[in-house]
1. Kindly establish whether Ala313 is on the phi < 0 side of the Ramachandran plot, more than 12 Å from the ligand (Cβ to nearest atom), buried (at least 18 other Cβ atoms within 10 Å of the Cβ) and over 18 Å from the mean Cα position of the chain (by Cα).
2. Filtering the stretch 207-266 down to residues that are more than 13 Å from the ligand (Cβ to nearest atom) and closer than 17 Å to Asn300 by Cα, which residue is surrounded by the most Cβ atoms within 10 Å (Cβ to Cβ)?
3. Look through the stretch 212-233, keep the residues that are among the hydrophobic types (A, V, I, L, M, F, W, C) and outside any loop (DSSP other than H, G, I, E, B), and return whichever of them is nearest to Arg41 (Cα to Cα).
4. Residues in the stretch 183-206 that are within 12 Å of the ligand (Cβ to nearest atom) and touching a Cys at 6+ places or on another chain (Cβ under 9 Å): how many?
5. Looking for something away from the ligand (no atom under 16 Å from the Cβ) and touching a residue at least 40 places away in the same chain (Cβ under 8 Å) - is there at least one such residue anywhere in the stretch 40-52?
6. Look through Met308, Met236, Met240 and report the one residue that is free of Cβ contacts under 8 Å to residues at least 40 places away in the same chain and assigned to a helix (DSSP H, G or I).
7. Tell me which of these Thr3 doesn't satisfy, since it passes every other one: (1) at pLDDT 95 or above; (2) surrounded by 14 or more Cβ atoms within 10 Å (Cβ to Cβ); (3) over 21 Å from the mean Cα position of the chain (by Cα).
8. Those residues that are outside any helix (DSSP H, G or I) and either buried (at least 20 other Cβ atoms within 10 Å of the Cβ) or touching a strand residue (DSSP E or B) at 6+ places or on another chain (Cβ under 8 Å) (or both), I need them from the stretch 6-43; list them, please.
Amino acid sequence: METSMDRQALFDHLTRTPLEVLMARADAVRVRHVGEAVHVRGIIEFSNHCVRNCLYCGVRRDNKTIERYRMAPNEVIELALKVAASGVPTLVLQSGDDFAYAAPDIAAMVREIKRRAEVAVTLAVGERPFADYEQWREAGADRYLLKHETASEELYVLLHPGQRLESRLKAWRHLRSLGYEVGTGMIVGLPGQTPDDLAADLLLTEELQPDMCGIGPFIPQADTPLAHTPPGDFAMTLRMLALARLACPAVNLPATTALATLNPADGHFLAFRAGANVIMPSFTPPDYRRHYRIYDHKANITMEQVLMEIARAGRKPARPQGGVHRAHRS
Ligand code: 5AD
């Protein structure tokens, strides 16, 4: 570990240390531990149905105003293969917590993608029975993204009706025990969230030592109970990124879409300066994507812009893993 991450030190870094100082430290740690490469992960948001009712999220169950969609497994597979063939080395299959896709449906998608492309597959489909996680791992899924969202028990219970932080962490640890690379992450600027709560997020992250940590600001969505809550603070989100890099030097840290939504001109750029080494463009077909409205004005970035942002930050795209390009060209 690069700094002493006790709660008081974290509190000071979140409230007092100049942002430039934190960013410079994080950048140095990033250079040393993960280098100049930026990893591109292609997201496919294949369903916006969700059984959960998270207060901040636009695809929450009680939002009757958004149009719901589900992509057919074949449609997901064909799109995934197309994205993989374009040289994107990792795919993230993401959806709301949608039990209409039974475990074998998702397993079959994963199996088929892994059979036909040399690509890492990440699943981000929420909390499911452990047997489902096992089945998907056996089908070849490499990674799983299950953010803890907030480490404050009190906030967690308030914002996720009927859900418990403890169960989520139990699921997270189970995923890790199955051999997945596992990602966590949190939302910065939730209503009532204090610097102490954010320090708790970092302490939990340090304890979990995740393979990935997605950190984004809260952004209000008009059809949720938090429609009129102000968005999270941009600079505070950069602080959290930088501190996550210090707490977990080799972690994969995305420059998140939510951060770019708050600051379209410089969000990705500054994230890359604050420790980020991953970018996750969406490949969801536009007619579906506009309904994947977890928050309003969600930014979208094309592959061309991704490469421009990477170059602008003075970095380079990571080489595709083992022969993705070769397999495609031969
Ligand atoms: N603002 C920011 N992030 C949000 N998410 C959901 N709703 C919001 C919001 N209003 C994030 C959560 C979830 C991911 C899919 O999107 O962290 O894990």
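1. So Ala313 fits the description; yes.
2. Across the stretch 207-266, the extreme among qualifying residues is Ala255.
3. Met212
4. 4
5. yes
6. One residue alone meets the criteria, Met308.
7. Failing condition for Thr3: (1).
8. Scanning the stretch 6-43 gives Glu36, Ala37, Val38, His39, Val40, Arg41, Gly42, Ile43.
The values are calculated or read from the model by the stated rules, or taken from the named source; none is laboratory data. Owing to the predicted nature of the structure, the values given are computational and were not obtained by experimental measurement. Cβ: placed from backbone, ideal geometry, glycine included. Neighbour counts: every protein chain shown.
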